[in-house]
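Reading through the structure tokens given below for one structure.
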Amino acid sequence: MAVIAGSGRLPANVVEGLAAAGHDPFVVLIAGEADSDAILRAHDHATLDIEAFGSLAPLFRKKGITHVVLAGGVGRRPRLWRMRPTPWLLSIVAKVLYGLSRGDDGLLRTIVRVFEAEGFKIVGAHEIVPDLLSPEGVLTKAAPTTADRRDLDAAFAAAKAIGELDIGQAAIAIGGRVVALEGIEGTDGLLERMQAMRNHGRLAAAKRGALVKCAKPGQELRADLPAIGPATVEGAHAAGLAGIGVEAGRSLMLDHAKLIARADALGLYVIGLPKGRS
């Protein structure tokens, strides 16, 4: 089993889950993306630039890898002029260029197809650590009010709409109206922007509000499930929001116990939303 580790806590959660199940994974740390978590380096590992993508299949064969987990974020696309040509990369270059032109979800689908064509099985992080999947219902001491549920409905619909366009996975609604959408900056950047917007004249008097994250319609679920963690709770609180909704069964909750404990301490609600409604 190999874990390709990008940014965030998901790679560490996956490696911990594999270790707990008796596996000793090979970890590929993406340079400039993977966190410096000791658990990632406690196993056989290698650090590769994203431009070294072409060396992965030969490396995996050398290590006897049969299954691959893609875990964590990648903040940038590879610089084509820096990619290292290998026989394998040259054999798939047309597919890679096509994927790079198709947006984030299109690129992930291409990566999955390329690896599977080489005989590697791609495994979703949620298949390794199923406890990370959000259950349905209120998960915290605080619960959404009737007004909060209007925010959840509005933000859910908006998140699905931008997901259809492969823009992002999250949206924020206040007073039943969508006020911010996730873009290339990711969820943390969205929450920072929301915090700055609180002083805007049209939002200065607005209270509460909800962040919702959900899977893009038709997205490759083995590679990019939406995720929240303790840092998301901190960001939502700093942005003045009342709570967070995630799509149950199709979203990951990282460091679950810490996430819920921090939400309870700050008085925020966290809720798993059934698909298509809040």
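Where strands (runs of 3 or more DSSP E) fall wholly inside region 1-66, no range has 3 or more residues that are touching a residue at least 12 places away in the same chain (Cβ under 8 Å), among the basic types (Lys, Arg) and under 18 Å from residue 123 (Cα atoms). Of all residues in region 252-274, exactly one satisfies the criterion of being touching a strand residue (DSSP E or B) at 6+ places or on another chain (Cβ under 6 Å), over 15 Å from residue 143 (Cα atoms) and assigned to a loop (DSSP other than H, G, I, E, B), namely 254.
Quick grid of which residues meet (1) surrounded by fewer than 16 Cβ atoms within 10 Å (Cβ to Cβ); (2) at pLDDT 95 or above; (3) aromatic (Phe, Trp, Tyr):
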{"position": "167", "(1), (2), (3)": "no, no, no"}
{"position": "173", "(1), (2), (3)": "no, yes, no"}
{"position": "186", "(1), (2), (3)": "no, no, no"}
{"position": "199", "(1), (2), (3)": "yes, no, no"}
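Scanning region 161-191 for residues that are closer than 14 Å to residue 74 by Cα and touching a strand residue (DSSP E or B) at 6+ places or on another chain (Cβ under 6 Å) yields a single hit, 187. You will find that of 29, 40, the residue that is buried (at least 16 other Cβ atoms within 10 Å of the Cβ), more than 23 Å from residue 116 (Cβ to Cβ) and at pLDDT 90 or above is 40 and no other.
Of everything in region 106-143 that's hydroxyl-bearing (Ser, Thr, Tyr) and closer than 27 Å to residue 273 by Cβ, which residue is surrounded by the fewest Cβ atoms within 10 Å (Cβ to Cβ)? Top of the filtered list is 140. Scanning region 201-217 for residues that are under 17 Å from the mean Cα position of the chain (by Cα) and surrounded by fewer than 16 Cβ atoms within 10 Å (Cβ to Cβ) turns up just one, 217. Evaluate the following for residue 223: is it over 22 Å from residue 17 (Cα atoms) and either in a loop (DSSP other than H, G, I, E, B) or touching a residue at least 24 places away in the same chain (Cβ under 8 Å) (or both)? So residue 223 fails the test.
Return the residues of region 235-252 that are over 20 Å from residue 145 (Cβ atoms) and out of contact with any helix residue (DSSP H, G or I) (no Cβ under 7 Å at 6 or more places or on another chain); say none if nothing qualifies. Please lay out each step first, then the result.
Start the filter on region 235-252 by keeping residues that are over 20 Å from residue 145 (Cβ atoms), which leaves 235, 238, 247, 249-252.
Those that are over 20 Å from residue 145 (Cβ atoms) and out of contact with any helix residue (DSSP H, G or I) (no Cβ under 7 Å at 6 or more places or on another chain): 247, 249, 250, 251.
Conditions tested, residue by residue: (1) touching a helix residue (DSSP H, G or I) at 6+ places or on another chain (Cβ under 8 Å); (2) within 22 Å of residue 267 (Cβ to Cβ).
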position	(1), (2)
148	no, yes
151	no, yes
161	no, no
164	no, no
177	yes, no
183	yes, no
187	yes, yes
192	yes, yes
195	yes, yes
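Of all the numbered requirements in (1) among the hydrophobic types (A, V, I, L, M, F, W, C); (2) at pLDDT 95 or above; (3) within 15 Å of the chain's Cα centre (by Cα), residue 263 misses one, and that requirement is (3).
The values are calculated or read from the model by the stated rules, or taken from the named source; none is laboratory data. Computed from a prediction, not measured in an experiment: that's the story for all the values here. Positions of Cβ are generated from backbone atoms using ideal geometry, with glycine treated the same way; all protein chains shown enter the neighbour counts.
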